[in-house]
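Structure first, commentary second.
Where a number appears in this text, it was derived from the coordinates with a stated rule and is not lab data. Since we're looking at a predicted model, the values are computed, not measured. Note that each Cβ is placed from the backbone with ideal geometry, even for glycine, and that neighbours are counted across all protein chains shown.
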Amino acid sequence: MNITLHVWRQKDAKSKGRFVKYEANDIIPDMSFLEMLDVINERLTLEGEDPIAFDHDCREGICGTCGLVINGRAHGPRARTTACQLHMRSFKGGDVIWIEPWRAKAFPVVKDLIVDRSAFDRIIAAGGFISAPAGSAPDGNAIPIPKENADLAMDAAACIGCGACVAACRNASAMLFTASKVAQFGLLPQGQPERDVRVKRMVAQMDLEGFGNCTNHRDCQAVCPKSVSVDNIARLNRDFIRSTLVADRRAAVGVGSAG
Amino acid sequence: MESSVISVPVGAAAAKRAGYLRAYYGSTVGKKQVMAVTGVIMVLFVIGHMIGNLQVYLGAESLNHYAELLRALGHGGLIWVVRGLLLAAVVLHIWSATALTLGSWAARPIGYRHRQRWIESTYASRTMRWGGPILLLFIIYHLLHFTTGTLHGDFVTGDVYHNVVAGFSIWWVSAIYIFAQLVLGLHLYHGAWSMLQTLGLSHASYDRLRAGLAIFVAFVVAAANISIPLAVLTGVVS
Ligand code: HEM
Ligand code: FES
């Protein structure tokens with residue numbers, strides 16, 4: 001099949017970008033979206049042009065490295081699917097496809113379709129961890145955890161940090177990402193000691209990075225390839241109230257001096 | 001990009017210095033929660049106001065007596081307490097909304113070329129920032145119209161029933177009120193759900209109730225209030 005692409009090309013972080021039109025001919029429907037770009041890039045390379053830069057790693061939907069806004073939708077038209085797991089059979093011959101990078105001040109473009117997502121790393125570094133040495137795996141059932149909590153924590157931890165939530169959000173908010181990381185620990189006993197401090201630190205870092213502010217549109221969960229639910233945002237909000245208004249202030253002293 | 005991981009003062013001494021509430025309101029989540037709490041106050045007021053309005057159907061005496069009662073409660077003091085509370089709520093709500101909105105606009109300096117696909121967001125959620133300012137204009141007009149009488153033309157102090165009937169007999173006045181109530185319904189439809197989410201009040205066992213409550217509140221408030229100008233225009237109330 002033959003399709004027309006409009007791809008965002010930007011030489012480096014400092015340059016102004018623009019859309020460049022490419023004709024993608026003889027595309028096989030069973031190619032993945034990224035393989036289709038590989039085909040274009042092979043041609044561009046042979047023609048002595050700069051290939052289109054896009055992020056990817058595992059190409060099996062588990063690493064969260066890929067990320068393209070395809071016709072106005074993060075990761076393209078299929079629900080619960082990363083761009084690398086999207087196939088050209090989701091399109092038809094003659095289609096016109098616009099390919100853009102994640103757009104957010106906190107995700108500056110590095111080159112073409114690649115953005116710098118280290119803001120996410122810093123949000124994690126601000127509190128998305130457990131300080132106690134974890135040691136080797138504990139004996140099964142040594143720490144009792146309600147089955148529901150274990151499942152919900154697992155669902156939150158399914159986040160692969162791709163950033164589609166930010167890309168799709170009208171406000172370019174990172175709440176779904178941050179909330180998934182807050183919730184995955186908050187739901188488990190190991191996460192309790194730092195629970196109040198964690199949410200404050202991660203929210204403060206999120207604000208500092210210049211993400212927008214959640215207004216509960218829910219387009220983030222709609223494009224999330226791992227279906228992380230906005231219920232986690234309610235959990236973050238709950239923890240935030242708790243840590244500010246309810247948590248024992250004296251008890252926080254020891255924890256505060258640790259970081 | 002050069003920013004590094006910050007260290008938030010969380011110890012008691014640091015917190016005392018920064019002030020717990022200042023740190024809270026300084027964060028975007030705190031601001032949003034202030035919007036939600038002030039939203040709750042305004043929603044409860046709007047529901048109470050609607051119930052009061054419906055007394056127009058009981059006749060002139062009922063409505064005027066009710067209005068008198070409101071002014072007399074607590075030796076005439078309660079109405080000022082409520083007015084003060086509502087003013088504070090409106091100011092905080094708008095202040096926070098403005099700060100958060102400006103932050104969100106700044107968060108995407110370069111937009112998408114292709115129209116963004118909306119999947120779960122609703123018309124109501126996408127028009128909150130239109131609805132809010134429209135409601136503000138309406139609230140100002142409404143106060144100058146029915147409370148002070150400045151923009152009324154045939155205002156009789158104390159005769160609320162007359163003021164309502166005379167006011168809504170003018171078709172474009174009714175049109176303004178009907179339009180404003182549609183906007184309010186839309187703002188409440190997203191707002192009622194959103195504020196519960198913002199306050200962390202979600203739970204699998206009542207999430208469906210949450211959505212239903214938002215539709216119910218928005219529809220009942222808008223429909224009941226819209227019925228009044230319609231009743232005057234059609235002569236049901238005269
Ligand atoms: C007077 C001018 C007003 C302005 C400028 C305004 C603005 C806004 C904005 C921008 C939002 C955030 C929207 C979002 O979540 O996407 C919002 C939320 C909300 N508004 Fe208003 N609004 C106003 C009046 C009102 C009134 C009169 C009510 C109640 C009757 C109300 C109730 C709410 C509620 C309940 C929310 C949801 C809070 C949350 O998401 O946590 N607002 N408003
Ligand atoms: S490349 Fe790993 S998720 Fe797409």
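Worth pointing out:
- Angle of helix B:60-72 to the longest C-alpha principal axis of chain B, folded into 0 to 90 degrees and rounded to 10: 50°.
- Here the protein assembly as shown carries DSSP beta bridges of which approximately 75% are antiparallel, counting only pairs with both residues inside.
- Counting only Cβ charges, +1 for Lys and Arg and -1 for Asp and Glu, the dipole size of region B:103-163 around its Cα centre is about 760 debye.
- Furthest towards positive pole of dipole, B:V43, B:L100, B:L186, structure part region B:28-233, Cβ charges: B:L100
- Estimated [θ] at 222 nm from DSSP helical runs (n ≥ 4, -39500 (n - 2.57)) normalised by residues in the protein assembly as shown, nearest 500: -16000 deg cm²/dmol
- Counting only aspartates and glutamates at least 8 places from A:K147 when in the same chain, those with an alpha carbon closer than 13 Å to its own are A:D155.
- Among the listed pairs A:K200/B:K32; A:K181/A:K226; A:K14/A:K105; A:K200/B:K31; A:K105/A:K200, those beyond 20 Å (Cα-Cα): A:K105/A:K200
- Charged-residue dipole, Cβ positions (Lys, Arg, Asp, Glu), chain B about Cα centre, Debye nearest 20: 1140 debye
- Sorted by Cβ neighbour density within 10 Å, fewest at the top, the residues B:M128, A:M154: A:M154, B:M128
- Legend: mean number of C-beta atoms from other chains within 10 angstrom of residue C-beta atoms, peptide B:62-72, equals 0.
- Chain B shape via C-alpha gyration tensor axes, a/c threshold 1.5: prolate
- Net charge of Cβ neighbours under 14 Å - reference B:V40; Lys, Arg +1; Asp, Glu -1: +2
- Per-residue shielding of A:167-173, expressed as the average number of other chain Cβ atoms within 10 Å of the residue Cβ, stands at 6.
- Helix A:118-127 and the longest principal axis of the Cα set of chain A meet at an angle near 10°.
- Positive-pole candidate from A:P189, A:A222, A:I124, dipole of region A:117-253, charges at beta carbon: A:I124
- The dipole here belongs to the protein assembly as shown: it is taken about the Cα centre, uses +1 on the Cβ of Lys and Arg and -1 on the Cβ of Asp and Glu, and is about 900 debye.
- Farthest towards the positive end of the charge dipole of region B:28-233, among the residues B:W118, B:A218, B:A89, is the Cα of B:W118, using unit charges on the Cβ of Lys, Arg, Asp and Glu.
- Beta bridge orientation in chain A: antiparallel %, DSSP, nearest 5: 75 percent
- Treating r as the C-beta distance of A:N2 and B:V220 and R0 as 41 Å, the FRET efficiency rounds to 0.15.
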